[in-house]
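The values are calculated or read from the model by the stated rules, or taken from the named source; none is laboratory data. These figures come from a predicted structure and were not determined experimentally. Cβ: placed from backbone, ideal geometry, glycine included. Neighbour counts: every protein chain shown. For the accessible areas, the whole protein counts, side chains as well, though only heavy atoms, and no ligand, DNA or RNA atoms are used. Shrake-Rupley method; radii C 1.70, N 1.55, O 1.52, S 1.80 Å.
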Amino acid sequence: MKNNVIYQSDACPINCVNDLLSRKWVFGIMKDLFAGKKHFNEFKEDKPELSNVVLSKTLKYLEDQGMISKEICEDEAIRNTGYYLTEKGKKMNKILYEMVVFGLYEMEGDLRTDEYKDEIKKGYEEILF
């Protein structure tokens, strides 16, 4: 026991967030939502290996976790479903941004120039904040 903090796996905030986000595709879908994508086919555009079943399950999971909301708009011509970040989901922006910064500047083997990295970082700042 360090600093009188009792460690309980199910109460550890890091473990709780890890459980939420450790599913494959969650980060990519969250990034897409911040970038303005909101429809099923838009999420698949740059992820051809993402199956319809997995995408459906991931969207449902994020909805169940309170990260996104699903809105169905029905008119005479079409039925259109959109997915939107909730207030809880929008709070992920800082986590995603720190992942971008760490990935750009701390991961080994990247041959991109600092100027290019700064440009990518700026692009993410625009969609996340």
Using just the helices of the chain, give the 222 nm mean residue ellipticity in deg cm²/dmol: DSSP H runs with n ≥ 4 each add -39,500 (n - 2.57), and the total is spread over all residues, rounded to 500.
-15500 deg cm²/dmol
Using a 1.4 Å probe over the heavy atoms of the protein chains, calculate the carbon and sulfur portion of the accessible area of the chain as a whole percent.
52
Report the residue, chosen from GLU87, GLU108, GLU42, that carries the largest GNM mean-square fluctuation when the chain is represented by alpha-carbon nodes joined by springs under 10 Å.
GLU108
Show me 67-73, 51-57 ranked by packing, highest mean number of other Cβ atoms within 10 Å first.
67-73, 51-57
Which residues qualify? For ILE68, with a placed amide H closer than 5 Å and at least 5 residues away or on another chain, they are GLU63, THR86
If THR58, THR81 are ordered by their accessible area, calculated over protein heavy atoms with a 1.4 Å probe, which sequence runs from highest to lowest?
THR81, THR58
Output wanted: per-residue J couplings in Hz (rounded whole) for the range 39-46, from phi through Karplus 6.51 cos²θ - 1.76 cosθ + 1.60, θ = phi - 60°, x for Gly and Pro.
10, 3, 5, 5, 5, 7, 3, 9
The chain: relative contact order from alpha carbon pairs under 8 Å, six or more residues apart, as a whole percent, is 20
The relative contact order of the range 41-110, taking Cα pairs under 8 Å that sit 6 or more residues apart, comes to a percentage of 19
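Give me the extension gain from CYS73 to ALA11: residue separation times 0.36 nm, minus the current Cα-Cα distance, reported in nm with one decimal. Let's see the in-between values first.
Working: separation 62, 0.36 × 62 = 22.32 nm, distance 3.86 nm.
Gain on extension, CYS73 to ALA11, equals 18.5 nm.
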